[in-house]
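K.L.:
Take a look at the following structure, please.
The values are calculated or read from the model by the stated rules, or taken from the named source; none is laboratory data. Since this is a predicted model, take the numbers as computed values, not measurements. Quick reminder, even Gly has a Cβ in these numbers, built from the backbone with ideal geometry, and neighbours come from all protein chains shown. Heavy atoms of the whole protein, side chains included, go into the accessibility calculation; ligands, DNA and RNA do not. Shrake-Rupley method; radii C 1.70, N 1.55, O 1.52, S 1.80 Å.
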Amino acid sequence: MSLPRAPHAVAFDLDGTLIDSEALVRDAYVVACRAFRVEMSDAQFLSLVGLHRDANDARIRGFFGEDFPLEQFYASTRAHLEGRVAPLKAGAGELLDTLDGLGLPFALATSSGRPWVERHFTAHRLTSRFNAVIARGDYVNGKPDPEPYLKASEALGAAPAHVLALEDSYPGVRAAHAAGCMTVMAPDLLAPNDEMRAKTVHIVETLHEVTALLRI
């Protein structure tokens, strides 16, 4: 197993890829739904994973009605998540150390907002390690649009074809692939399907395998 080209830089997704947060967020949604006397199925939650905020808003209104109090709902999820920090995914620390050793710059390309990013970067001492952070508010069109990965590539000073993009979600893989990145999927809550296999150069179980790819 190898990469089609030597990467000049790496772009990470955050939730479900770099940090093990998707199950934590799902729990927050379950609690918030209970408070608002609605029920979100597993399939409905999974359809939100990796999408940008506007797309999530539209889907949730589709689930619960146009007059559903979204801002109060999100406030409830934030309250549940207050002070909580998701652990790094298996192999994340080793991979970052390997990138430093190889002199490869790396950036974040996430659908999450900066407060969530900053909480985890501070907790895991990542703030000074990333060359750039592209978060919600830094682009007009979120995943699955390629804009987050195009901006990350630009910030890294690398052509997208030479950027290794690491993702766990369908919208994220679609975004990275559309940007022209070499895309590796490390699935979290979403199992890979034929579309994901066609749009990635590899599907791995953990980030340890990405480290092995870079050491070849």
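K.L.:
With a Förster radius of 35 Å, plug the Cβ-Cβ distance of ALA198 and ASN141 into 1/(1 + (r/R0)^6) and report the FRET value to the nearest 0.05. If you can, show how the numbers build up before the last one.
P.N.:
Numbers: r = 22 Å, r/R0 = 0.64.
FRET efficiency, ALA198 to ASN141: 0.95.
K.L.:
Continuing with this model, one more query. Could you report the range 2-77's accessible area per residue, 1.4 Å probe, as an integer in Å²? Spell out each step's value before the answer.
P.N.:
Values: 3550 Å² over 76 residues.
On a per-residue basis, 47 Å².
K.L.:
Additional query: Rounded to a whole number, what % of the accessible area of the chain do carbon and sulfur atoms account for, probe 1.4 Å?
P.N.:
Numbers: 4850 of 9730 Å².
Answer for the chain is 50 percent, counting heavy atoms of protein chains only.
K.L.:
Next question. In nanometres, what is the gap between the two model label sites at ALA79 and LEU189, each 7 Å from Cα along Cα-to-Cβ?
P.N.:
Distance between label points: 2.1 nm.
K.L.:
Separate question: What FRET efficiency comes out for VAL30 versus SER128 if R0 is 35 angstrom and r is the Cβ-Cβ distance? Round to the nearest 0.05.
P.N.:
0.50
K.L.:
Restricting to the chain, compute how many DSSP beta bridges are antiparallel as a %, nearest 5.
P.N.:
Numbers: 1 of 18 bridges.
Taking every DSSP beta bridge with both residues in the chain, the antiparallel ones total about 5 percent.
K.L.:
To continue, here is another question. Specify which labelled value, from (1) 129; (2) 139; (3) 108, agrees with volume of the Cα convex hull per residue in Å³ derived from the coordinates of the model shown.
P.N.:
(3)
K.L.:
Less than 17 Å apart at the alpha-carbon level, and either on another chain or at least 8 residues along: which aspartates and glutamates does that give for LYS151?
P.N.:
Within the straight-line limit of under 17 Å, LYS151 reaches these aspartates and glutamates: ASP13, ASP138, GLU167.
K.L.:
Tell me, how many Å apart are the Cα centres for the range 80-96 and for the range 141-216?
P.N.:
19
K.L.:
Just subtract the alpha-carbon distance of GLU205 and GLN44 from 0.36 nm times their residue separation and send over the number in nm, one decimal. Mind showing how you got there, number by number?
P.N.:
Details: separation 161, 0.36 × 161 = 57.96 nm, distance 2.40 nm.
Stretched out fully, the GLU205 to GLN44 stretch lengthens by 55.6 nm.
K.L.:
Next up: Among all the lysines, which ones have a C-alpha under 19 Å from LYS199's C-alpha, if same-chain residues fewer than 8 places away are not counted?
P.N.:
Hits, sequence-local ones excluded: LYS143.
K.L.:
Hey, for a label at ALA6 modelled as a point 7 Å past Cα toward Cβ, could you say which residues of the range 100-138 have their backbone N under 16 Å away?
P.N.:
In the range 100-138, the label zone of ALA6 (backbone N under 16 Å from the point 7 Å along Cα→Cβ) covers 100-105.
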